Amino acid sequence: MNRYLLTRLRQSLITLFLVSVVVFAGIRALPGDPALALAGEERSPQALAAIREAYGLNDNIVVQYGRFVGHALTGDLGTSARTGLPVLDSILDALPVTLELAALSLLLAVVLGIGAGVLAAVRRGKATEWLANAIALLGLSVPTFWLGIVLVLAFAIAVPIFAASGYVPFGTDPLDNLRRMVLPAIVLGSGLAAVVMRQTRGAMLDNLSADYVRTARAKGLSRRQVVGGHALRNSLVTVVTVLGLQLGHLISGAVVTEQIFVLPGFGKLTIDAVFTRDYTMLQGVVLCTSAAYILVNLAVDVLYSVIDPRIRLGGAR
Amino acid sequence: MSTAHPKTAHPKNAEPASAVPGTPVLSVRDLSVSFRSDTRTVHAVDSLSYEVAAGEVLAIVGESGCGKSVTSMAVMGLLPPTATVTGSVRLGGRELAGATEKELSAVRGKDLAMIFQEPMTSLNPVLTIGRQIGEVLRRHQGLSRKEAKERAVELLALVGIPAPERRVAEYPHQLSGGMRQRVMIAIAVACDPAVLIADEPTTALDVTVQAGILEVLQSLRERLGTAIVLITHDLGVVADAADRVLVMYAGRAVEQAPADELFTAPRHPYTRGLLSAVLRPGQEGKRRLPEIPGLVPSLAAQPDACTFAARCTHADERCGTARPALTPDTGHRVACWHPVAATAPAHEEAAR
């Protein structure tokens, strides 16, 4: 653990605190009286007062915030007004679905994106580069929902290799799970793969003409060692940066993708909460999403320092 | 130090594995390099020949853009595909011109090594010094990771880096420019190459650091019998380090001579111009240094003429219509129709 990581950790905690304040204040700023919603049919002033007293709504706003954070830290995110279930339970049910979807998409994006990017850079000016660029542009231009529908028509209906909807936990039936997750992962990962490809290609072109690559060639290293061991290693800093920035898109993209493929994940939970005005659920979902985003960015920064010693060791030049 | 070359007090007698005594280890014949672009062709090097023997330091001098670096990149086979290279490059009896990338990569770093002008950017910023030195050992000598690291520590000590055991685990950004150039030398000499090409190895460095780097090169040639091709535009460096000098102008060799002879009796008007443009201690401070009038010609054409004619005070009609060839090899060769007589008054001491 060095100074760089400690600094980043401190920054992450501050961000998380700010997020919790915004989420808390945002819910309070919404129109409507929670006591009214909770009271249901019995709306006598006495009943409302009793509810306000019971839920601590009369307390100072800072005290209320303190209670909210205290509960959140112990895993109590409240109870959904719609389902009557603890918010945390719903989130924990949805989380594995979205995590798997995100992980598969990320894997696809990294493998395809970096692979195609390196190929395009190494075979510069050849048909390979042209093809990789064209596919990347296509991947960037095609809207998620359209690609989803086309893939479903092609590979779930015309040639039913994959399933179009529903979710089976990986632990229950790994094969069936993958059969259902492949199409959503392609839909969610294709845009990211295109971005990664273009960034990888750009970084590789820069690095392949760098002086240290000339040194590596002068050492008599094979083309593979020069490209993989030297140029790619340096290009990864750029690629990881882009991945970190794009993960936000992955989270919002998951909302649409889960809707298309009817996956009971985080995205679906969010949309349902919005449409049914399930504020407690929304609060929990937003808090968790933000925390995940902050965590991912922290992980990206840790990765940086692993890849680039100049960051790890705090050097200049 | 080395397993291949015994230590010897007489560097001229040290023989790399492939060389027969007296014969050159590196022999370049009629090397021409041109670069094509959409609109024109640039002839960067025009029929250049030189050779260098074991334990010898050959300096190639000339101003920026005269083709010094392109020559060495061509010898290494490191030029981009836009370059057309013709001629012959023989390393210890092996022809390198026209060799495949695979054949070349087996020679590079092993028999033929190079250090570059830019020590700040020539090392990979994300790999440790030890890894970058070890890489070449593992590639050519099949050492294990551990052996390569031990040898890397020895090599760092050889090039004069203090606390090599600690430095071997450090990254380039933790080292100064001079230290990085020493690391580059360590990489270059790791496999005891027969020939080391040093392309302006001291240009980017402070004068005090320069002296240290030149010392390292000198001691390597003495200890390992390495033939060194030293490319520079610094005549002080030449005076310090070189046995023989090849002067290039606009892609062609104009004069070739033993170093002391070149400084005392330069025969080509261009060489004389170069030498008289060097500051000497004890010189009148008020006088303006003589300069060579005019500009270096464009390299787009290969005229059948002396390329220096337009700037030369001795030039006549013949200089503009016929290309002078290098005079036959008698130790001191010059490509000029009107060479300065060997006995003409000379500059005693060019620098330092």
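The values are calculated or read from the model by the stated rules, or taken from the named source; none is laboratory data. Predicted model only: the values in this text are computed from it and were never measured. Every residue, glycine among them, receives a Cβ derived from its backbone with ideal geometry; neighbour counts consider all protein chains shown. These area figures cover heavy atoms from the full protein model, side chains too; ligands, DNA and RNA do not enter into them. Shrake-Rupley method; radii C 1.70, N 1.55, O 1.52, S 1.80 Å.
Here are a few things to note about the model shown:
- Of the beta bridges in the protein assembly as shown, as assigned by DSSP with both residues counted there, near 60 percent are antiparallel.
- Each Lys or Arg adds one and each Asp or Glu takes one away; over the other residues whose Cβ falls under 14 Å from the Cβ of residue A:7, this sums to +3.
- Working note: Cα gyration tensor of region A:18-111, eigenvalues times five, square-rooted, sorted largest first, giving semi-axes of 35, 16, 12 Å.
- Computing FRET efficiency as 1/(1 + (r/R0)^6) for residue A:25 and residue A:103, where r is the C-beta to C-beta distance and R0 is 35 Å, gives about 0.60.
- Chain B - Cys residues lacking any other Cys C-beta under 4.7 Å: B:66, B:191, B:312, B:336
- When GluC sites (Glu not before Pro) are flagged only if DSSP places them in a loop and at most 14 other Cβ atoms lie within 10 Å, the longest unflagged stretch of chain A comes out as A:43-317.
- Per residue Cα convex hull volume in Å³ - calculated over region B:105-184: 90 Å³
- The ellipsoid that matches the Cα gyration tensor of chain B has semi-axes, each √(5λ) in whole angstrom, of 35, 23, 19, with the longest given first.
- Placing a label point 7 Å from the Cα of residue A:271 along the Cα-to-Cβ line, the residues of region A:140-154 whose backbone N sits under 17 Å from it are A:143-153.
- Degrees between helix A:3-29 axis and first principal axis of chain A (Cα, 0 to 90, nearest 10): 40 degrees
- Separation in nanometres of the label points that stand 7 Å from Cα toward Cβ, at residue B:322 and residue A:311: 6.8 nm
- Value at 222 nm in deg cm²/dmol, rounded to 500, when DSSP H runs of n ≥ 4 in chain A each add -39,500 (n - 2.57): -24500 deg cm²/dmol
- Nearest 10 degrees, 0 to 90: helix B:145-158 Cα axis against chain B principal axis: 50 degrees
- Against chain A, whose longest principal axis is taken from its Cα atoms, helix A:127-141 shows a tilt of about 10°.
- Taking label points 7 Å from Cα along the Cα-to-Cβ direction, residue B:208 and residue B:310 give a separation of 4.4 nm.
- Segment residue A:76..residue A:137, full-extension length gain: 17.5 nm, with 0.36 nm per residue of separation and the alpha-carbon distance subtracted.
- Computed from the Cβ-Cβ distance with R0 of 51 Å, the FRET efficiency linking residue B:287 to residue A:245 stands at 0.25.
- MRE, 222 nm, helices only [DSSP H, n ≥ 4, -39500 (n - 2.57), over chain B, to nearest 500]: -8500 deg cm²/dmol
- Equivalent ellipsoid semi-axes - Cα gyration tensor, region A:101-275, angstrom: 36, 16, 15
- Using the Cβ-Cβ distance between residue B:42 and residue B:218 with R0 set to 60 Å, the FRET efficiency works out to roughly 0.95.
- Residues of region B:125-149 whose accessible area, computed with a 1.4 Å probe over protein heavy atoms, drops by at least 10 Å² once all protein chains are present relative to their chain alone are B:125, B:126, B:127, B:131, B:132, B:135, B:136, B:139.
- Per residue, the solvent-accessible area of the protein assembly as shown (1.4 Å probe, heavy atoms of protein chains only, all protein chains present) comes to 48 Å².
- Hydrodynamic radius by Kirkwood, which averages 1/r over all alpha carbon pairs of the protein assembly as shown, in angstrom: 30.4 Å
- With the convex hull drawn around the C-alpha atoms of region B:50-194, the volume per residue stands at 135 Å³.
- Buried surface for the B/A pair, taken as the accessible area of each chain alone minus that of the pair with a 1.4 Å probe, is close to 2300 Å² in total.
- Mean partner shielding of peptide A:208-215, defined as the number of other chain Cβ atoms within 10 Å of each residue Cβ, is 6.
- Span from the region B:286-328 Cα centroid across to the region A:8-74 one, whole angstrom: 88 Å
- Label reach from residue A:211 (point 7 Å along Cα→C-beta): in region B:180-223, amide nitrogens under 14 Å belong to B:180-185, B:199-206.
- Average beta carbon contacts from partner chains per residue of B:97-103, 10 Å cutoff: 1
- Summarising the label geometry, the points placed 7 Å from Cα in the beta-carbon direction at residue A:12 and residue A:67 lie 3.1 nm from one another.
- Comparing A:156, A:109, A:132 in a Gaussian network model of chain A (Cα springs below 10 Å), the most mobile by mean-square fluctuation is A:156.
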